[in-house]
1. How high is the FRET efficiency between Arg28 and Leu80 when r is their beta carbon distance and R₀ equals 25 Å, given to the nearest 0.05?
2. Largest first, what is the accessible-area ranking of Cys78, Cys48 with a 1.4 Å probe?
3. Of Tyr72, Tyr49, which has the most accessible area with a 1.4 Å probe, and how do the rest follow in descending order?
4. Can you tell me how much longer the chain between Leu17 and Tyr72 gets when fully stretched, taken as 0.36 nm per residue apart minus their C-alpha distance, in nm with one decimal?
5. What order, most packed first, do the peptides 32-45, 14-27 have when packing is the mean number of other Cβ atoms within 10 Å of each residue?
Amino acid sequence: MLERTSQHSPDGRLRELLPARGWQEDARFANDRADGNTFAFGRGGVTCYFITRWGGDADADVDENALGPDRYELSVGCALAEP
């Protein structure tokens, strides 16, 4: 469970919880950026792709210090892994 009061970012918490439940991170999709991250985990023939962003448009010129701490977006898409 992701607690609102957690000291970890939501993506950091997912990266802790998923391996504990048998999911393995696929490093090919890991990309850490100043405005968010992308990563993927797989298990049982399924791969889930995660995109996280802080404060809105990833392409916009944004002052990260001006963003509120509550603005966080998480998108997830899952697909069957190719054989």
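The values are calculated or read from the model by the stated rules, or taken from the named source; none is laboratory data. Keep in mind the model is a prediction, meaning the values are calculated, not measured. A quick note on method: Cβ atoms are made from the backbone with ideal geometry, for glycine too, and the neighbour counts reach across all protein chains shown. Accessible surface is based on the protein model in full, side chains and every heavy atom, while ligands, DNA and RNA are left aside. Shrake-Rupley method; radii C 1.70, N 1.55, O 1.52, S 1.80 Å.
1. Working: r = 17 Å, r/R0 = 0.68.
Between Arg28 and Leu80 the formula returns 0.90.
2. Accessible-area ranking of Cys78, Cys48, largest first: Cys78, Cys48.
3. Sorted by accessible area, descending: Tyr49, Tyr72.
4. Once the chain is fully extended between Leu17 and Tyr72, it gains 17.9 nm.
5. Those peptides, ordered most packed to least, come out 32-45, 14-27.
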